[in-house]
Amino acid sequence: AASHPGPGSMQSSLPPPPPPPWLLNQLPEIDEAFAQRGGSTPSPAVVLVAALSKRTNFSVLAGDLRKHFDGWDCVAVAWHSRVLSNVDVADAPGDDGAAFLRSRCVIVLREGMKWGSLVNLTRGAIARRGYEHVALLLDDVKLGDSFNATELIHLSRTHRLGVLSPRVGHATYDLMQGKYAPRGWPHSAERVVRLTALEQYATLYSRAAWGCMTSLMDDAVLHEARHAIGWGYDRCYEPHCALAAGGQALVPSQLASHCGSRGALYTHYRLGGLGARQVRAMQGWVRQRHNRSCAPYALSPNQDLVRLRSVWPRTPSPPTDTGATCAA
């Protein structure tokens with residue numbers, strides 16, 4: 001009688017199951033690009049620009065990198081190939097910002113991929129290179145003269161914070177602009193103001209905070225390899241990461257400006273519905289594991305409110321920074 005292989009031998013003859021989609025995208029191209037540039041030894045910190053598009057003002061972005069991130073490694077993710085073009089109508093005459101980005105940053109291009117999925121591509125390489133800090137910089141942000149990445153790193157260490165951000169003009173939430181109450185703005189003497197959630201515009205993360213926040217981008221959370229919008233990571237950081245990786249704070253003395261449109265995902269890209277569904281899925285995943293809801297944008301219960309009230313000025317005028325003015 002013919003013998004038949006048992007279940008074990010049949011199983012071993014089958015090809016292994018495919019890895020999850022997000023792992024397929026963890027290609028070594030970032031490592032290879034740094035090696036080709038002679039940068040096999042990483043800098044202590046990296047700036048991650050997300051995400052380059054057909055609307056990016058490369059001159060403004062190049063100015064941010066030149067002025068504020070000298071000596072940092074740079075990785076940029078892109079969902080549109082315009083950054084690879086030698087002709088860039090958004091650049092000022094004589095200042096080819098796109099060419100500067102190509103020479104300054106390792107660029108990962110995936111046509112049509114959404115923001116969260118693009119950032120997810122960098123997780124493996126950033127972890128392997130062992131950066132102490134990661135600065136996440138949106139492509140439509142102008143950093144003011146007051147922005148100081150070195151100070152943010154110092155404040156992260158001295159206050160044991162995982163995430164810090166400057167105030168951001170034209171942010172979605174007034175809290176990110178430093179408006180904590182109807183009476184106005186905090187005095188510059190308040191070095192850090194702890195919040196329960198920080199919108200991601202020009203955000204500094206410690207190594208532990210970055211690793212934890214980006215773990216929310218794992219395909220096990222949203223089951224979405226290419227079209228993760230990017231909403232919800234900032235709000236879900238508090239229950240998922242703050243205890244282990246440190247809290248979040250705004251630095252009122254530093255200023256940046258959001259030069260893009262408020263609500264562009266709704267009005268321009270028509271992705272509001274998809275983003276809202278993904279936020280609900282992420283909130284459910286976090287609640288199931290931590291028995292806590294994702295946080296609102298609010299002052300942290302750990303913030304010293306008595307001190308904060310004592311330094312509010314009588315007038316609601318914020319400190320100005322002409323360097324943060326959005327350029328055309």
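The values are calculated or read from the model by the stated rules, or taken from the named source; none is laboratory data. These numbers were taken from a predicted model, which means no experiment stands behind them. Here the Cβ is made from the backbone with ideal geometry for all residues, glycine too, and neighbour counts use every protein chain on show. Surface accessibility is based on the protein's heavy atoms, side chains included, excluding ligands, DNA and RNA. Shrake-Rupley method; radii C 1.70, N 1.55, O 1.52, S 1.80 Å.
In region 246-261, the residues that are at positive phi form Cβ pairs under 9 Å with partners that are part of a loop (DSSP other than H, G, I, E, B), at six or more places apart or across chains, as follows: GLY246/HIS159; GLY246/ARG160.
The residues of region 31-58 that are surrounded by fewer than 19 Cβ atoms within 10 Å (Cβ to Cβ) and among the small types (Gly, Ala, Ser), listed by number, are ALA33, ALA35, GLY38, GLY39, SER40, SER43, SER53. Scan ALA76, ALA62, ALA90 and give me the residue that is among the aliphatic types (A, V, I, L, M), open to solvent by less than 40 Å² (accessible area, probe 1.4 Å) and at pLDDT below 90. Matching residue, one of ALA76, ALA62, ALA90: ALA90.
Scan region 295-306 for residues that are surrounded by fewer than 13 Cβ atoms within 10 Å (Cβ to Cβ) and at pLDDT 90 or above and the total you get is 1.
For region 135-154, residues that are in contact with a Leu (Cβ under 6 Å, 6 or more places away or on another chain) and not acidic (Asp, Glu) total 5. Residues that are closer than 17 Å to ALA45 by Cβ and open to solvent by 20 Å² or more (accessible area, probe 1.4 Å) within region 207-227 comprise ARG207, ALA208, GLY211, listed in sequence order. If you go through region 169-181, how many residues are hydrophobic (A, V, I, L, M, F, W, C) and surrounded by fewer than 17 Cβ atoms within 10 Å (Cβ to Cβ)? So the count comes out to 1.
Number of residues in region 51-70 that are over 26 Å from ILE153 (Cα atoms) and among the basic types (Lys, Arg): the value is 2. Here the helices (runs of 4 or more DSSP H) wholly within region 175-272 that include at least 3 residues being modelled with pLDDT of 95 or more are 207-215, 233-245.
Residue count for region 105-151 satisfying the condition of being buried (at least 19 other Cβ atoms within 10 Å of the Cβ), more than 13 Å from the chain's Cα centre (by Cα) and in a strand (DSSP E or B): 5. GLY230 fulfils the conditions (1) on the phi < 0 side of the Ramachandran plot; (2) open to solvent by less than 40 Å² (accessible area, probe 1.4 Å) except for a single criterion, (1). Within the set ARG280, ARG292, ARG309, the sole residue that is at pLDDT 90 or above, in a helix (DSSP H, G or I) and over 30 Å from ALA62 (Cβ atoms) turns out to be ARG280.
The residues of region 152-168 that are buried (at least 22 other Cβ atoms within 10 Å of the Cβ) and among the charged types (D, E, K, R) amount to a single one, ARG167.
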